[in-house]
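The values are calculated or read from the model by the stated rules, or taken from the named source; none is laboratory data. In this text, all values refer to a predicted model and were calculated from it rather than measured experimentally. We place every Cβ from the backbone using ideal geometry, glycine too, and count neighbours over all the protein chains shown.
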Amino acid sequence: MRLSRAHFAPSGPEKRLASPHFSVSIRDTSGPGGCAVVVSKKVARFAVSRHLLKRRVLVVVRPWCKRSVALVVYARPGAPTLPFGVLQEELSSLLARALG
């Protein structure tokens, strides 16, 4: 359930929520939805740490992915240093607030 680049373009209403280490963008879609994680070089300098963080976030986000929603998680500075338990708690509470 990966998102295409078209889901990143601003179109239609969007719900955004943020926590200290993550920002979430949620948009209803008429077509296929899915999940995506964005980790910039400002957040994690090396590709190894960017990919590791992406994989960890996708594991937490996967149960929240729905076919009718485009869910994009943006990592913020400090996210790569979080232990997995803390990362999971922060993202789960953020997604619970966002998706209800």
Over segment 56-80, the set of residues over 11 Å from the mean Cα position of the chain (by Cα) and more than 21 Å from THR29 (Cβ to Cβ) is PRO77, GLY78, ALA79, PRO80
From the option list VAL48, VAL59, VAL73, VAL86, single residue qualifying as in contact with a Ser or Thr (Cβ under 8 Å, 6 or more places away or on another chain) and either hydrophobic (A, V, I, L, M, F, W, C) or part of a helix (DSSP H, G or I) (or both) is VAL73
message: Criterion first (outside any helix (DSSP H, G or I) and at pLDDT 90 or above) does SER93 satisfy it?
response: no
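Here's the yes/no breakdown for (1) in contact with a strand residue (DSSP E or B) (Cβ under 7 Å, 6 or more places away or on another chain); (2) not β-branched (Val, Ile, Thr):
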residue	(1), (2)
ALA18	no, yes
SER25	yes, yes
GLY33	yes, yes
ALA36	yes, yes
VAL48	no, no
CYS65	yes, yes
ALA75	yes, yes
THR81	no, no
LEU95	yes, yes
Within segment 3-35, the residues that are at pLDDT 75 or above and of a type in the set (Lys, Arg) are LYS15, ARG16, ARG27
Listed by first then second residue, the pairs whose first member lies in segment 65-84 and is in contact (Cβ under 8 Å) with a residue 40 or more places away in the chain and basic (Lys, Arg), whose partner is surrounded by 15 or more Cβ atoms within 10 Å (Cβ to Cβ) and outside any helix (DSSP H, G or I), with beta carbons under 8 Å and at least 6 positions apart or on separate chains, are ARG67/GLY33; ARG67/GLY34; ARG76/HIS21; ARG76/PHE22; ARG76/SER23; ARG76/VAL43
